[in-house]
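Quick notes on the structure that follows.
The values are calculated or read from the model by the stated rules, or taken from the named source; none is laboratory data. Predicted model only: the values in this text are computed from it and were never measured. Methodologically, a virtual Cβ is constructed for each residue, glycine included, from the backbone with ideal geometry; neighbour enumeration extends over all protein chains shown.
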Amino acid sequence: MKQRDGYIVDGKVHYPRVVNLVCDATFYGKRKDKLGTLVFKDVVSQEILIWKHIESEVVKDYRYLKEELIRTGYAIASVTLDGKRGLYKAFEDIPIQMCHFHQKKIIQRYITMRPKLEASKDLKKIVSKLTQTTEKNFTQKLDEWYKEYQSFLDEKPLSSTTGKLHYTHPRTRAAYRSLRTNLPYLFAYKNYKNLGIPNTTNALEGGVFSHMKNMISLHRGLSKSMKLNLVDYYLVNYKKK
């Protein structure tokens, strides 16, 4: 049971069991408000298991909620994450799936939706097949791409401005590096087929967070604490439509 401003929200009732988690955070309001919520959802039962209101998305809060679930008696069979730096270590010894939607957005951020460089165009084609291939084939395509463009990626002329060496194509390099870093976590959903691991965090993005943001938007005049009460009430009583 939680109480803010005299308003009481019933506490979450737990039924410990083996769960497959989807974990993500969302923020609402203006950036200066620093108002968000980190949520863990079981994709089998579609139940919101635990959450924490946050000002910024940091790894220690993910670790805290994971440990709280385990302390309560849950066993975590798998976890699907957005790939935030440091998160993988927080869930060591648990099958981890990197959200494909987030991975594609990362690549898009580096090379844009309409890349002009041939190397970037070819990398975009490889990423477009992410959900239609296997880890072995994807790795092979990535290896072939790197072999073809290695000298291109390693171009590092001397800058006339700084007098230092700088990579000519840092964004294409960063896109490739992201795929390489996340590669061990991109195919857990296929490597552990018996677990039914989702390959995206969409169970939260669309099914939970969009409604939370709509509620906050409809109640713009509420104080910060009352907004948190509203979110608590929604998550405690959440049922998949």
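Looking at the range 74-93, I want the residues that are aromatic (Phe, Trp, Tyr) and have a partner that is in a strand (DSSP E or B) with Cβ atoms under 8 Å, at least 6 apart or on another chain. Which pairs are those? Filtered contacts from the range 74-93: TYR74/VAL18; TYR74/VAL19; TYR74/LEU49; TYR88/LEU81; TYR88/ILE96; PHE91/ILE76; PHE91/VAL79; PHE91/LEU81. For the range 20-51, taking the residues that are farther than 18 Å from ALA203 by Cβ and basic (Lys, Arg), the one that is surrounded by the most Cβ atoms within 10 Å (Cβ to Cβ) is identified as LYS34. Against the condition in contact with a His (Cβ under 9 Å, 6 or more places away or on another chain), assigned to a loop (DSSP other than H, G, I, E, B), surrounded by fewer than 16 Cβ atoms within 10 Å (Cβ to Cβ) and not β-branched (Val, Ile, Thr), how does LYS239 come out, does it pass? So LYS239 does not fit the description; no. Residues in the range 52-75 that are under 24 Å from ASN237 (Cβ atoms), among the aliphatic types (A, V, I, L, M) and either surrounded by fewer than 16 Cβ atoms within 10 Å (Cβ to Cβ) or out of contact with any Ser or Thr (no Cβ under 9 Å at 6 or more places or on another chain) (or both): LEU65, LEU69.
Residues of the range 190-217 being in a loop (DSSP other than H, G, I, E, B) and either within 16 Å of TYR234 (Cα to Cα) or of a type outside the set (Val, Ile, Thr) (or both), which ones? Selection gives TYR192, GLY196, PRO198, ASN199. Selection of the range 218-235 for residues being hydroxyl-bearing (Ser, Thr, Tyr) and free of Cβ contacts under 8 Å to residues at least 24 places away in the same chain yields only TYR234.
For (1) assigned to a helix (DSSP H, G or I); (2) surrounded by 16 or more Cβ atoms within 10 Å (Cβ to Cβ); (3) of a type in the set (Ser, Thr, Tyr); (4) at pLDDT below 95, each residue gets a yes or a no:
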{"residue": "ALA77", "(1), (2), (3), (4)": "no, yes, no, no"}
{"residue": "GLU92", "(1), (2), (3), (4)": "no, no, no, yes"}
{"residue": "GLN97", "(1), (2), (3), (4)": "no, yes, no, no"}
{"residue": "GLN108", "(1), (2), (3), (4)": "yes, no, no, no"}
{"residue": "LEU123", "(1), (2), (3), (4)": "yes, yes, no, no"}
{"residue": "VAL127", "(1), (2), (3), (4)": "yes, yes, no, no"}
{"residue": "THR139", "(1), (2), (3), (4)": "yes, yes, yes, no"}
{"residue": "LEU142", "(1), (2), (3), (4)": "yes, yes, no, no"}
{"residue": "TRP145", "(1), (2), (3), (4)": "yes, yes, no, no"}
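If the condition is being without any contact (Cβ under 8 Å) to a residue 60 or more places away in the chain and exposed (fewer than 14 other Cβ atoms within 10 Å of the Cβ), then the range 192-216 contributes LYS193, ASN194, GLY206, SER210, HIS211, ASN214. Only residues that are touching a helix residue (DSSP H, G or I) at 6+ places or on another chain (Cβ under 9 Å) and closer than 20 Å to VAL19 by Cα were counted across the range 188-221, and they come to 14.
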